[in-house]
Amino acid sequence: MTKKIILASILAFVFTFGAIWGGASLINFAETPQTPQAPQKTLSVSSEGTVKVKPDMAYINVGVQTENKSSKTAQQENAAKMSKVMEVLKGLKIAESDIKTSQYTIYPMETYSEKDQRSYITGYRVINTLEVTIRDISKVGAVIDAAAANDANTVSNIRFTVADPDKYYLQALENATTKAKAKAEVLAKQFGIKIGLPSQINEAGGGYYPPIIYSSMDMVKSREAAAAPMTEISTGELEIRASVGLVYSY
């Protein structure tokens with residue numbers, strides 16, 4: 001009986017001591033002061049890079065408009081003329097995959113009668129437009145002249161571009177990065193800051209500026225003018241831009 005009492009006393013002592021020690025540890029841990037962190041300082045710069053390039057591709061819209069009192073006749077006339085335009089384009093080595101219909105519309109033409117105080121349908125207009133991709137930039141003028149001489153009565157929205165835009169965009173991005181790094185180095189030197197690699201690199205995007213577009217009124221060429229010298233088209237230059245932002249921590 002005495003041994004049991006002694007054993008119980010020892011266990012009680014161990015339990016009580018352990019609880020006190022554990023509590024003390026928790027209290028000491030909770031009260032341990034935290035070292036304040038210094039605010040992080042940063043140097044941020046941004047820059048833009050540009051590359052100018054001559055276009056090597058063009059997109060052009062070639063269309064046929066026909067009118068007739070009969071919608072069926074207007075459609076048939078349009079189909080015959082557009083078939084002729086298609087053959088001419090293929091004759092200029094434009095691949096069939098580079099010729100696609102961008103618009104086909106049939107709508108009534110109305111005339112208002114003052115006597116009857118109402119409008120009457122007097123005929124129908126059919127508009128059929130092709131978007132043509134010209135991969136040989138030297139053929140733009142020839143395509144315009146050939147289409148106009150073979151019943152196409154609208155030529156519009158000539159847009160110039162490059163076949164490999166990523167190639168030139170990467171060059172512009174490299175230029176932008178070089179400029180941004182130079183800015184950071186100048187600023188760091190002025191304020192006695194030591195910088196290494198940037199902690200953040202942000203590509204802000206870019207594109208082509210400006211797009212070169214000619215309106216349909218500028219480009220329509222009559223059949224009577226087909227015998228004139230070939231239409232000259234000035235492609236100009238495309239400006240490709242890229243922007244980048246760099247953040248340095250010190």
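Taking the range 98-146 as the region of interest, how many residues are farther than 19 Å from M86 by Cα and assigned to a loop (DSSP other than H, G, I, E, B)?
Count: 4.
Name the single residue, out of those in the range 54-78 being exposed (fewer than 15 other Cβ atoms within 10 Å of the Cβ) and free of Cβ contacts under 8 Å to residues at least 40 places away in the same chain, that is farthest from the chain's Cα centre (by Cα).
K72
Just give me the residues in the range 102-135 being more than 20 Å from A149 (Cα to Cα) and under 27 Å from the mean Cα position of the chain (by Cα), in sequence order.
S102, Q103, Y104, R135 - these are the residues of the range 102-135 that are more than 20 Å from A149 (Cα to Cα) and under 27 Å from the mean Cα position of the chain (by Cα).
Could you check I193 against (1) assigned to a loop (DSSP other than H, G, I, E, B); (2) of a type in the set (A, V, I, L, M, F, W, C); (3) modelled with pLDDT of 95 or more and say which number it fails?
All conditions pass for I193, except number (3).
Of all residues in the range 201-224 being hydrophobic (A, V, I, L, M, F, W, C) and surrounded by 13 or more Cβ atoms within 10 Å (Cβ to Cβ), which is modelled with the highest pLDDT? Give the derivation first.
Keep residues of the range 201-224 that are hydrophobic (A, V, I, L, M, F, W, C), which gives 201, 204, 212-213, 217, 219-220.
Now drop any that are not surrounded by 13 or more Cβ atoms within 10 Å (Cβ to Cβ), which leaves 204, 212, 219-220.
Numbers: A204: 84, I212: 49, M219: 43, V220: 44.
This residue is A204.
I'd like to check something: does the range 156-166 contain any residue that is part of a strand (DSSP E or B), loosely packed, with under 15 Cβ neighbours inside 10 Å and touching a strand residue (DSSP E or B) at 6+ places or on another chain (Cβ under 8 Å)? Steps first, please.
Of the range 156-166, the ones part of a strand (DSSP E or B) are 156-161.
After this cut, where a residue has to be loosely packed, with under 15 Cβ neighbours inside 10 Å as well, the list is none.
No.
The values are calculated or read from the model by the stated rules, or taken from the named source; none is laboratory data. The structure presented is a predicted model; accordingly, all values stated were derived computationally and were not measured. FYI the Cβ positions are ideal-geometry reconstructions off the backbone, even for glycines, and counts take in every protein chain you see.
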